[in-house]
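Here, each number is a calculation from the coordinates, and none is a lab measurement. Because the structure is a prediction, the values reported are computed rather than measured. FYI the Cβ positions are ideal-geometry reconstructions off the backbone, even for glycines, and counts take in every protein chain you see.
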Amino acid sequence: MSSRIALALCVLLLAVAPFTLSPFRLGLLAKYLCFAIVAVGIALAWGQGGMLVLGQGVFFGLGGYAMGMYLKLSEAGSAGLPDFMVWSGVEELPALWKPFANPVFALAAVVLVPGLVAFLLGLLVFRQRVRGAYFAILSQALAAAFVILLVGRQGITGGTNGLTNFSRFFQLDLTDPNGQRAVYAIAAVVLGLVYLVARLVIRGRFGRLLVAVRDGEDRVRFLGYDPAVVKTVTFTMSAVMAGLAGALFVPIVGIISPALLGIVPSLELLVGVAVGGRFVLAGAIGGAILVNYAKTAFSEDFAEGWLYLQGGLFVLVLVFAPKGLAGLVTGARERLAARVRKERVA
Amino acid sequence: MRSRLLKALTLSLTLPVVLVAGCVSEPGTGASPGVGGDGIKVGVLHSLSGTMAISEVTVKDAELLAIEELNASGGVLGKKLVPVTEDGASDWPTFAEKAQKLISQDKVATVFGGWTSASRKAMLPVFERNKALLWYPVQYEGLESSPYIFYTGATTNQQIVPALDYLAAQGKKKLFLVGSDYVFPRTANKIIKAYAAAKGIEVLGEEYTPLGHTEYGTLVNKLVDAKPDAVFNTLNGDSNVAFFKQLRSAGITAAGTPVVSVSVAEEEVKGIGPDNVAGHLVAWNYYQTTRTPANDTFVKAFKAKYGVDKVTSDPMEAGYNAVKLWAAAVTKAGSTDVEAVKKAAGGIAIDAPEGTTTIDGGNQHVSKTARIGVVEPDGQIKEVWSSGAPITPDPYLKGYDWASGLAP
């Protein structure tokens, strides 16, 4: 019963935020929500599935660039080139860009491109029974390679600068506070949906199978299931979530660049989940929001030494709560239950 | 049982929201942004962490020195300047976010900040949308003129073109281009190739490496095989250390094949090691050794504030100038209002450490004297050529026939 109250309270808070926060702060909150969407995917893949995904930046980026390309083209007009192509010496719109002028194609690409990449990669990797540290290293290397590719192809991708300077998101004017509120609302709704989907998955048969794969992959195989399929499907879901988050990030923050997608940002996504607690969805969401909020707050108040505070927070949580903040709560709950049982026995 | 867990998590969700809500209410100011009861707030936005910190912190220091000097002499419009420092963290979206924060939360009168072109491109829409002012203090690739940015570093016709003229005058006919892989080197090389094509100079090779790259064996081999007369170097940051070391061990000498660098200043020479780079050329508008009375004062004041072992460099000087130029424009306008300052800024001149610099009201760049220097074994840079007088800024290279195909 009170879990519903808690959920209602969360929804209420997210609902009143647009009316109490300044547009700037609301934009920051919307950005945290994007990271929370990625966090749900990470909690699914890492917390439930035991796949340490160190390269979610790749999928975040694929979604982000798909959206950014559409927005760039919609502003450049029918014949125009995006601004960075002009100063990179590109004279004709590259073939890769052309379909992104179509909003339906772009929106589909936001979901399908990260999903497809993760699916193919997953099939390849999990069929070969690559797991544990090897999978983690592979996903991280992918993030590094992706960044080098983006930076190297400046004429097509905007290079280090990435894609910037967006003023419209479909019918919404991003310079107008109401437009910004609407984008925030979309992010909040998407987070809600992603959370519900992940919850359904975890509570269902598939979720139990996933946990079983995490805890004893070989046993699951002997029982007649194919762990590679289970893992690939989960990895794909987490990639799609990251792609959605990337696509929302673009209108909210107004930029998508390789600096957001490399090894370090991919690790930062993971840090939020680790701090909040990777075994509980709500923990992962809360952790992502908390860690990113702390980053803003620390860097605003202590511009010179905020990284130490951020690092300190991470170390403290991992030392005292290896399962994250949510783990603290679960632990306390279990201890309490044990004591109640003991008293009953006595 | 699950409920308690959720409750606690709700708290962790609520906390940031409540805290954020707590810092929203700030009184707005009227027509003159940044002006509070006792002072004028100005933003200082550079990378204090991450790969760019080593360079950007020195610019921040120079800007804070200029602010301190202005305050010591009575402030601006009779009010003290209050710097609000933010960390861009070598991350372009963070630059945009912090710029927005300085404008809408702190309501600063102006912002001094940025180094990389990527950070400028990320901040540009923020300043244009909010109709706020940014002073950008680093030499860059040109082809830009935002109405809400003042550029106090060199544009291409004040640094790269004079460097090419110098090489041509030295009889260098074959060039090899080396750069970091981002917008500035790529655009710079586009300009260099257009110049070379028009002046009968041959470009033997054009190589890019990612920022932070340190393995130059292959590239140096290619360079040795190509046998250029000179190398044009647009590498940024610590890549220069590896590049110059490997160049030296491959037997390339400054006497035989000089390297002209446009992103290596006193601070970077310290990092590369003067031994590795001595004798090679650099192109800037200012050196610590530049002989003007204003520079004597600047260097002395900087060392007094930050330590005798500190060096001053071109971007630091441009950051220092930015603060002084803005203050002069505000004084002339009698207000910190952005449009009034922009209007007043045209034609304003100050006696800067590099000599007189004047704001061009049209493109909001400043006139600068071009200087070619040679790195000395002690890490200082000796001027070997100068344009004599300040060069009028021409970001789109409209005054050069060979560059007609470059500007959009």
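Compared with the dominant Cα axis of chain B, that is its longest principal axis, helix B:183-199 is turned about 40°. Here is the size of the stretch A:224-296 from its Cα atoms: Rg then Dmax, 14.3, 49 Å.
In what order do A:Tyr225, B:Tyr151 fall by count of nearby beta-carbon atoms within 10 Å, going from fewest to most?
Numbers: A:Tyr225 15, B:Tyr151 28.
Going from sparsest to densest Cβ surroundings: A:Tyr225, B:Tyr151.
For the pair B:Thr356 and A:Asp173, a Förster radius of 45 Å applied to the C-beta separation gives a FRET efficiency near 0.50, rounded to the nearest 0.05.
Per-residue shielding of A:168-175, expressed as the average number of other chain Cβ atoms within 10 Å of the residue Cβ, stands at 1.
If the chain linking B:Ala168 and B:Thr297 were pulled fully straight, counting 0.36 nm for each residue of separation and taking away their Cα-Cα distance, it would gain 42.9 nm. Directionally averaged projected area (the stretch B:227-311, Cα convex hull): 6.2 nm². Taking every DSSP helix (H) stretch of at least 4 residues in chain A, weighting each as -39,500 (n - 2.57) and dividing the sum by the residue count yields a mean residue ellipticity at 222 nm of -25000 deg cm²/dmol. Quick one: among A:Ala36, A:Ala108, A:Ala187, which has the greatest mean-square fluctuation in a GNM of chain A with alpha-carbon springs under 10 angstrom? Comparing A:Ala36, A:Ala108, A:Ala187 in a Gaussian network model of chain A, the most mobile one is A:Ala108.
Sorting the Cα pairs of the protein assembly as shown by distance into bins of 10 Å, from 0 upward, gives 3, 14, 23, 24, 19, 12, 5, 2, 0, 0 percent per bin. Ranked by the mean number of other Cβ atoms within 10 Å of their residues, highest first, the peptides A:322-335, B:311-324, B:264-277, A:89-102 come out as B:311-324, B:264-277, A:322-335, A:89-102. Cβ-to-Cβ counts within 10 Å put B:Asp181, B:Asp165 in ascending order as B:Asp165, B:Asp181, the fewest first. Using Cα atoms only, what is the angle between the long axis of helix A:263-276 and the major principal axis of chain A, expressed in degrees (0 to 90) to the nearest 10? Helix A:263-276 sits at roughly 30 degrees to that axis. Legend: Rg and Dmax of the stretch B:283-408, from Cα coordinates, 16.4, 48 Å. The packing ranking, built from the mean of other Cβ atoms within 10 Å per residue, places the peptides A:287-293, B:110-116, A:271-277 in the order B:110-116, A:271-277, A:287-293, highest first.
Taking beta carbons within 10 Å but only from partner chains, what does the mean come to for residues B:112-125? Spell out each step's value before the answer.
On the way: counts 0, 0, 0, 0, 2, 4, 10, 3, 1, 12, 9, 2, 2, 8.
Counting other chains' Cβ atoms within 10 Å and averaging over B:112-125 gives 4.
Pairs of C-alpha atoms in the stretch A:1-66 farther apart than 20 Å represent 49 percent of all such pairs. Our helix-only sum for chain B, with -39,500 (n - 2.57) per DSSP H run of n ≥ 4 divided by its residues, gives a mean residue ellipticity at 222 nm of -13000 deg cm²/dmol. Under 20 Å of direct C-alpha separation, and excluding same-chain neighbours fewer than eight residues apart, B:Lys222 reaches these lysines: B:Lys172, B:Lys173, B:Lys174, B:Lys193, B:Lys245.
Taking every Cα-Cα distance in chain A and sorting them into 20 Å bins from zero, the calculated P(r) comes out as 29, 57, 14, 1, 0 percent.
If R0 is 41 Å, the Cβ-Cβ spacing of A:Val104 and B:Ser249 corresponds to a FRET efficiency of close to 0.10. Rg and Dmax of the stretch A:93-197, based on Cα coordinates, read 17.7, 51 Å. Against chain B, whose longest principal axis comes from its Cα atoms, helix B:293-306 is set at around 60 degrees. Peptide B:89-101 has a mean of 6 when you count, residue by residue, the C-beta atoms of other protein chains within 10 Å of its C-beta.
Could you sort the peptides A:214-221, B:192-199 by per-residue average Cβ neighbour count (10 Å cutoff), highest mean leading? The partial results should precede the final answer.
Details: A:214-221: 14.5, B:192-199: 17.9.
Packing order, densest peptide first, comes out as B:192-199, A:214-221.
Placing +1 on the Cβ of every Lys and Arg and -1 on the Cβ of every Asp and Glu, with nothing else charged, gives chain B a dipole about its Cα centre of roughly 720 debye. Counting every C-alpha pair in the stretch B:261-357, the share spaced more than 18 angstrom apart comes to 55%.
Here's how it looks for B:Ile350: its modeled amide H is under 5 Å from those of B:Thr357, which are all 5 or more places away or on a different chain. In terms of its Cα atoms, the stretch A:1-112 spans 61, 40, 24 Å along the principal axes, sorted from long to short. One Cα centroid belongs to the stretch B:171-244, the other to the stretch B:80-128; the line between them spans 31 Å.
Taking amide hydrogens as placed 1.01 Å from N in the peptide plane, the amide H of B:Glu207 sits under 5 Å from those of B:Leu177, B:Val178, B:Gly179, each at least 5 positions away in sequence or on another chain.
Using the Kirkwood formula on the Cα atoms of chain B, what hydrodynamic radius do you get, in angstrom to one decimal? Mind showing how you got there, number by number?
Values: mean 1/r = 0.0450 Å⁻¹.
In chain B this quantity evaluates to 22.2 Å.
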